[in-house]
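Just below is one structure, and these are the notes that go with it.
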Amino acid sequence: MRNLIAFFRRFRIFLVFLILQILALTSYFSWVQYPRTRFFNSSNGVAATLLDAQQDVTKHFSLEEENIRLQAEIEELKGKQLENYIALSEDRIKIADTILELQFDYIPAVIVNSTYTYKNNYFTLNKGASSGIARDMGVISSNGVVGIVYDVSRHYAVVKSVLTENINIPAEIVNVHAGGLLKWEGTDKDPRTITLTGISNDIPVELGWEVVTNSQSGLFPKNHPVGTIDAIEEIEGKPEWKITVKLGNDLRRLQSVFVVENIMKLEKDSLESLFIDEFIN
């Protein structure tokens, strides 16, 4: 208390001046419209600057931990999944399984904006063309499938979420190796689930079975997790199941992802297009 009293005594002249200055400015802004408008606009600018600074500080303290976690995930994806590689020689791989060539590479990114309540949903990533991201690349997390890159700028990418109509991502049920397409049926559905279509109803299917990606699209590594079967229904008039899959990701809370680069996709697509142009079209 004595320190507080001493403070006021020491700076009493300055404090009186400050109070009078505030009263004068308040009176002035109350009567004059233009300076008042400029004052509040400036205040909003200062507030926005302070908010940006606060967010930068928060990100700074969590950046090291986030980088460590992302690095661990990417090493797991690149180093532990044999599906990321193809064998250069079937005979030689039996002797040494290191005679492989990398097929998939991963670009880590952070989600800076997202939706999940619409018929067609998206994510915005904090990396773009300057980081090697291009249109039609797959996007995953360590726990599931996220979507497909729709468009890119130099520093950002917009991803068509798996919660998008006609996303049509090829997937299969692990236990029976039966393949179908993942589809999103719109805003009336739970954003934690998606529908697997195209599975014939003469194939036995059970709740809890795992659903993974296959290599048909070339956008995702084979056998990357999608989710588990949550519900099975018969479709009237169609010889197939309607299968609800509970996603391994909760897309409402997802923060970090990996953009998948299939290093050999262009080679595969170019070769297939030659056949299609000559014999099918």
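Which one of the conditions (1) touching an Asp or Glu at 6+ places or on another chain (Cβ under 8 Å); (2) modelled with pLDDT of 95 or more; (3) part of a strand (DSSP E or B) does Ala231 fail to meet, given that it meets all the rest?
Tallying (1) touching an Asp or Glu at 6+ places or on another chain (Cβ under 8 Å); (2) modelled with pLDDT of 95 or more; (3) part of a strand (DSSP E or B), Ala231 fails exactly one: (1).
Restricting attention to region 175-218, which residues are of a type outside the set (A, V, I, L, M, F, W, C), closer than 16 Å to Glu234 by Cβ and part of a strand (DSSP E or B)?
Gly180, Thr195, Thr197, Gly198, Ser200
(1) closer than 26 Å to Tyr122 by Cβ; (2) more than 24 Å from the chain's Cα centre (by Cα); (3) among the aromatic types (Phe, Trp, Tyr): which one isn't true of Trp209, the others all being true?
(1)
What are the residues in region 205-228 that are modelled with pLDDT of 95 or more and over 18 Å from Ile167 (Cβ atoms), if any?
Val205, Glu206, Leu207, Gly208, Trp209, Glu210, Thr228
Restricting attention to region 103-148, which residues are basic (Lys, Arg) and surrounded by fewer than 17 Cβ atoms within 10 Å (Cβ to Cβ)?
Scanning region 103-148 gives Lys119, Arg135.
Within region 142-163, does at least one residue satisfy the condition of being hydrophobic (A, V, I, L, M, F, W, C) and in a helix (DSSP H, G or I)?
The answer is no, given that none of the residues of region 142-163 is hydrophobic (A, V, I, L, M, F, W, C) and in a helix (DSSP H, G or I).
Which of the numbered conditions does His224 fail, given that it passes all the others? Conditions: (1) buried (at least 17 other Cβ atoms within 10 Å of the Cβ); (2) more than 22 Å from Tyr150 (Cβ to Cβ).
It fails just one condition, (2).
So which residues in region 234-269 are loosely packed, with under 13 Cβ neighbours inside 10 Å and in a strand (DSSP E or B)?
The answer is Glu234, and nothing else.
With among the hydrophobic types (A, V, I, L, M, F, W, C), within 26 Å of Ile111 (Cα to Cα) and free of Cβ contacts under 8 Å to residues at least 60 places away in the same chain as the only criterion, which of Ile263, Ile167 stands out?
When all the criteria are applied, what remains is Ile167.
When the residues of region 216-234 are filtered to those that are in contact (Cβ under 8 Å) with a residue 24 or more places away in the chain and over 20 Å from the mean Cα position of the chain (by Cα), which remaining residue is farthest from Val174 (Cα to Cα)?
Here the answer is Glu234.
The values are calculated or read from the model by the stated rules, or taken from the named source; none is laboratory data. It should be emphasised that the depicted structure is a prediction, and the values quoted were computed from it without experimental measurement. All Cβ positions, even for glycine, are placed from backbone atoms using ideal geometry, and neighbour counts span all protein chains on display.
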